[in-house]
Amino acid sequence: MFEKIYKNSVIEKPKLVLLILAILLLSFGYFAKNFQLDASSDTLLLENDPDLKYLREVNKKYGSKDFLVLTYTPQDSLLSSNTIENLTNLKNNLKNLDWVDNVITILDVPLLKNNDDPLADRIKNFKTLSSEDANKERGFDEIINSPIYKEFVISNDGKTSGILVYIKADKRLSELIVKKNNYLDKRDKGQLDSQDKKDYKKFLKEYDKYKKLYNQKNHQNINEIRAVIKKYKNTAKIHLGGIPMIADDMMTYIKSDIIVFGAGVFLFIVATLWFVFRSLLWVFIPLLSCFFSVLIMIGLLGLVGWKVTVISSNFIALMLILTMAMNIHMSVRYLQFKKENQNISNTEALLWTSSKMFWPILYTVLTTICAFLSLIFSEIKPIIDFGWMMTVGLLVSLTITFTLLPAALNILSKGNQNMKEQKKSKITSFLSQIAQKKTKTIFGTAFIVIILSIVGIAKLEVENSFINYFDSETEIYKGMKLIDSKLGGTTPLDVIVKFPSKEKAENSEDDFDSWDDEEKDDAKYWFTRNKIDKITQVHDYLDGLEAVGKVISFASMVRVAEDLNDGKKLQGLEMGVLYTKIPDSIKKEIIDPYISIKNDEARISLRVLDSKEDLRRNELIKKINYDLENELGLSRDEFKLAGVLILFNNLLQSLFKSQILTLGVVMAGITLMFLILFRNITLSLIGVVPNFMAAFLILGIIGLLGIPLDMMTITIAAITIGIAVDNSIHYIYRFKEEFKSIKDYNKTLEKCHSTVGVAILNTSITIVFGFSILILSNFIPTIYFGVFTGIAMLLAMISVLTLLPKLILIVKPFGNV
């Protein structure tokens, strides 16, 4: 019945089908204008991560602001008059940008040891390096040895200075983020009613619209600051860094990747199609299918509001590769049938081909969908979206392949169109001989592969080195590397130390115990020696860790104050009095970000050396948590870790667990599909084994090479299995069909290698080269993903054309003849 409907509606009405497809193309093409990219840090975070919520609370308490960082390495010394003049001009130019709130340079650091005036006067009337009467040599020496400013605004060698450019807060965006988080909290608690869900859907459109405007403004801001920097390139080496700049550059990389990947894969497809068919018609029709599939999918993404991120930037390349593979299998089968049955009509040939290829292609699509659907268990929205994107994309490609291809062929293909005589493929013939005669070689190799896989997988680890995600020639890498090596590290981590609300001072010299509660509420009475010692103890522990760069906390300020007090320890009351005398401008910059009197806690801020080769972030986090409790004696409720390092680590650990656990589900799901398709347990098992081996071998190779799994390479195994089993399905399906008439395993093997084997070889080579295009990305995980998935596809193809037929010859799943 289905075949009759298909014949009447598609095969016999090609013009109507093409008209409907053209209307669909134009309709979805219109929505392609809404196609969006997103490179914000939100795309690399777990939406329901409690640590994300806590970090936002910390940022709110301590007044955290968005900022950009400039590394400034002048040609002259930092104290030369030319450098000071250029740095002053640069600062003024930056401050004149309407989106800049404040600019902090080495010229703004308060100098408290620049003269011998009384301490109170030095604090009240502090000098800076830009002050005319400042002793610059003495001031520079103070800064480079300052517990606060060394490795913060000045490198240890005194040659590179850091410039902090604080960005004006976007109140509207902040309000929208708070509102979004409230909706997410209610959703996670199951408190969204039907009206709330409607409001949330409406709100998301408003949020996305404003976020798009914000991203455009950020892009303009980055261009403006780069224009300012360019004016000073002859006087200093300046690199730009910071999350806003990284987000903007990532957006540029995504756009570039989409264009480069799409164009590169397109060229490979053209070359492959010409190599296989040597006919413009057979190059044009599969390309037309690819064009329709991709454009309709882009329009669909624009319609439903799915954003493309750095994770899914290769979806167009993947769609082109997989659509082309379907088209090659259909086209080769059609031409082979026409060659063997030259008197049959074109309509009958198309119907026969479609009916013969529908089930194997449907199952190859379903197995690939099974692999991509494993991504929806990741809890990371961009990865979940990528899984759904590819699922829908594959269904679109399947539909286009079985409508556009036969309709176009019915109109464009001549009645006598046959496949040109081609020489036997030397590669498939060679693999056929190996499959028949080299039993020991095949199983010996399979055994070695299993051992290598086990050893390599045992060495696998996950790591999230953000700096190593970028090519060494990119501005992101250069800026982060310099900040990492010269200015105290890149990845921020905060340790929040909480004090009991009724803490008594342990130091007998702090006579606060006799004061009543009302007096204790006064800010200056908050400071006790016990609190200062506890902060200092944690600060010094963190500072002693090899992986940690700059540590800054209230202990840094205390050390400056005690240095000014001739090295004598300051007691709580003295600290409280000093706190009240510090000018608000200094207090706002170097004290308020590190203590919260209202919440009775302190923040110790540190930066991790992200480029350190042997750094293991998850182990570092576990070590800090363990040592604070067991070595420093803090109870578990007296401290908490927060920061980007925690969030990215949570993301990767979550992804690792979800993908490794769901790999078993993918394998079971694909095996079940083989059972349904072939209704033979033995055949199903020998069909999946070669592909599972290829996927595990690639994981083993990654482990043996010591390359940590990241957010993209962690998905390789599932995706490899999903795509690679397509070859097994086509081969077994064809073998089963040919065996019915040939009744000889070896002859059937040779026939399959010379027919479907050639199609498998051609599609596999195109897939391998298609994935190799990803090496042109600026994003290193994308390069790894392309290289290793390509290698896995090659290994899977060799395995399907050697190990799989050898297993069929030995097991004889179709019965003895």
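The values are calculated or read from the model by the stated rules, or taken from the named source; none is laboratory data. Here the structure is a predicted model, which is why all the values come from computation and not from measurement. Neighbour counts are summed over all protein chains in view; Cβ atoms, including those assigned to glycine, are modelled from backbone coordinates with ideal geometry. Ligands, DNA and RNA are excluded from the accessible area calculation, which covers all protein heavy atoms including side chains. Shrake-Rupley method; radii C 1.70, N 1.55, O 1.52, S 1.80 Å.
Worth pointing out:
- Condition check for Ile702: farther than 18 Å from Phe447 by Cβ, surrounded by 21 or more Cβ atoms within 10 Å (Cβ to Cβ) and β-branched (Val, Ile, Thr): yes
- Positions within segment 357-386 being in contact with a Leu (Cβ under 9 Å, 6 or more places away or on another chain), farther than 19 Å from Asn48 by Cα and either without any contact (Cβ under 8 Å) to a residue 24 or more places away in the chain or of a type in the set (Phe, Trp, Tyr) (or both), in sequence order: Trp359, Tyr363, Phe372
- Unmet criterion (only one of (1) modelled with pLDDT under 90; (2) under 16 Å from Glu589 (Cα atoms); (3) open to solvent by less than 40 Å² (accessible area, probe 1.4 Å)) for Ser64: (3)
- Being within 26 Å of Lys481 (Cβ to Cβ), open to solvent by 20 Å² or more (accessible area, probe 1.4 Å), without any contact (Cβ under 8 Å) to a residue 24 or more places away in the chain and of a type outside the set (Val, Ile, Thr) is true of Asp108.
Residue-by-condition table, conditions (1) over 19 Å from the mean Cα position of the chain (by Cα); (2) on the phi > 0 side of the Ramachandran plot; (3) in contact (Cβ under 8 Å) with a residue 40 or more places away in the chain:
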{"site": "Leu267", "(1), (2), (3)": "yes, no, no"}
{"site": "Pro286", "(1), (2), (3)": "yes, no, yes"}
{"site": "Ser289", "(1), (2), (3)": "yes, no, yes"}
{"site": "Val304", "(1), (2), (3)": "yes, no, no"}
{"site": "Lys307", "(1), (2), (3)": "no, no, yes"}
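- Tally of residues being more than 17 Å from Ser764 (Cα to Cα) and at pLDDT 85 or above across segment 323-337: 3
- For segment 35-54, a residue qualifies if it is out of contact with any Asp or Glu (no Cβ under 8 Å at 6 or more places or on another chain) and either modelled with pLDDT of 90 or more or surrounded by 16 or more Cβ atoms within 10 Å (Cβ to Cβ) (or both), and the qualifying residues are Phe35, Leu37, Asp38, Ser40, Asp42, Thr43, Leu44, Leu45, Asp49, Asp51, Leu52, Tyr54.
- Take the conditions (1) over 27 Å from Tyr207 (Cα atoms); (2) of a type outside the set (Lys, Arg); (3) surrounded by fewer than 24 Cβ atoms within 10 Å (Cβ to Cβ); Trp388 misses just one of them, which is (1).
- Test: residue in segment 560-581 that is touching a Pro at 6+ places or on another chain (Cβ under 9 Å) and modelled with pLDDT of 80 or more: yes
Residue-by-condition table, conditions (1) modelled with pLDDT under 90; (2) over 25 Å from Glu463 (Cβ atoms); (3) open to solvent by less than 10 Å² (accessible area, probe 1.4 Å); (4) not in a helix (DSSP H, G or I):
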{"site": "Thr763", "(1), (2), (3), (4)": "yes, yes, yes, no"}
{"site": "Thr766", "(1), (2), (3), (4)": "yes, yes, yes, no"}
{"site": "Ser772", "(1), (2), (3), (4)": "yes, no, no, no"}
{"site": "Ile775", "(1), (2), (3), (4)": "yes, no, no, no"}
{"site": "Pro781", "(1), (2), (3), (4)": "yes, no, yes, no"}
{"site": "Thr789", "(1), (2), (3), (4)": "yes, no, yes, no"}
{"site": "Ala792", "(1), (2), (3), (4)": "yes, no, yes, no"}
{"site": "Ile798", "(1), (2), (3), (4)": "no, yes, no, no"}
{"site": "Leu804", "(1), (2), (3), (4)": "no, yes, yes, no"}
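- Entirely in segment 112-197, the helices (runs of 4 or more DSSP H) that have 2 or more residues that are free of Cβ contacts under 8 Å to residues at least 40 places away in the same chain and open to solvent by less than 30 Å² (accessible area, probe 1.4 Å): 136-144
- Verdict on Val332 being touching a residue at least 12 places away in the same chain (Cβ under 8 Å), in a helix (DSSP H, G or I) and closer than 15 Å to His730 by Cβ: yes
- Checked against the criteria, Ile604 does not count as surrounded by fewer than 20 Cβ atoms within 10 Å (Cβ to Cβ) and not charged (D, E, K, R).
- Single condition Glu613 does not satisfy, out of (1) in contact with a Pro (Cβ under 6 Å, 6 or more places away or on another chain); (2) open to solvent by 30 Å² or more (accessible area, probe 1.4 Å): (1)
- Test: Ser397 is under 19 Å from Ile11 (Cα atoms), within 30 Å of the chain's Cα centre (by Cα) and open to solvent by less than 10 Å² (accessible area, probe 1.4 Å): yes
- Contact map, segment 719-744: first residue free of Cβ contacts under 8 Å to residues at least 12 places away in the same chain, second residue surrounded by fewer than 23 Cβ atoms within 10 Å (Cβ to Cβ) and not aromatic (Phe, Trp, Tyr), Cβ cut-off under 9 Å, separation 6 or more or different chains; pairs are Ile742/Lys751.
- Here Leu685, Leu661, Leu672, Leu628 are screened, and the one residue that is crowded, with 17+ Cβ neighbours inside 10 Å and not in a strand (DSSP E or B) is Leu628.
- Applying the criterion of being out of contact with any strand residue (DSSP E or B) (no Cβ under 8 Å at 6 or more places or on another chain) and of a type in the set (A, V, I, L, M, F, W, C) to the residues of segment 43-68, the residue that is farthest from Ser161 (Cα to Cα) is Leu46.
- One residue alone among Ser556, Ser611, Ser605 is under 25 Å from Leu482 (Cα atoms), touching a residue at least 40 places away in the same chain (Cβ under 8 Å) and part of a loop (DSSP other than H, G, I, E, B), and that residue is Ser611.
- Total residues in segment 276-301 satisfying the condition of being part of a helix (DSSP H, G or I) and open to solvent by 10 Å² or more (accessible area, probe 1.4 Å): the figure is 14.
- Of all residues making up segment 432-489, the number that are open to solvent by 30 Å² or more (accessible area, probe 1.4 Å), at pLDDT 85 or above and of a type in the set (S, T, N, Q): 6
- Filter result (surrounded by fewer than 18 Cβ atoms within 10 Å (Cβ to Cβ) and of a type outside the set (Val, Ile, Thr)) within segment 229-247: Lys230, Lys231, Lys233, Asn234, Lys237
- Only one of the numbered conditions (1) over 32 Å from the mean Cα position of the chain (by Cα); (2) modelled with pLDDT of 85 or more is violated by Thr128, and that is (2).
- For segment 69-100, a residue qualifies if it is over 17 Å from Gly162 (Cα atoms), open to solvent by 30 Å² or more (accessible area, probe 1.4 Å) and within 33 Å of the chain's Cα centre (by Cα), and exactly one does: Asp98.
- In this structure, Asp592 does not qualify as surrounded by 20 or more Cβ atoms within 10 Å (Cβ to Cβ), assigned to a loop (DSSP other than H, G, I, E, B) and modelled with pLDDT under 90.
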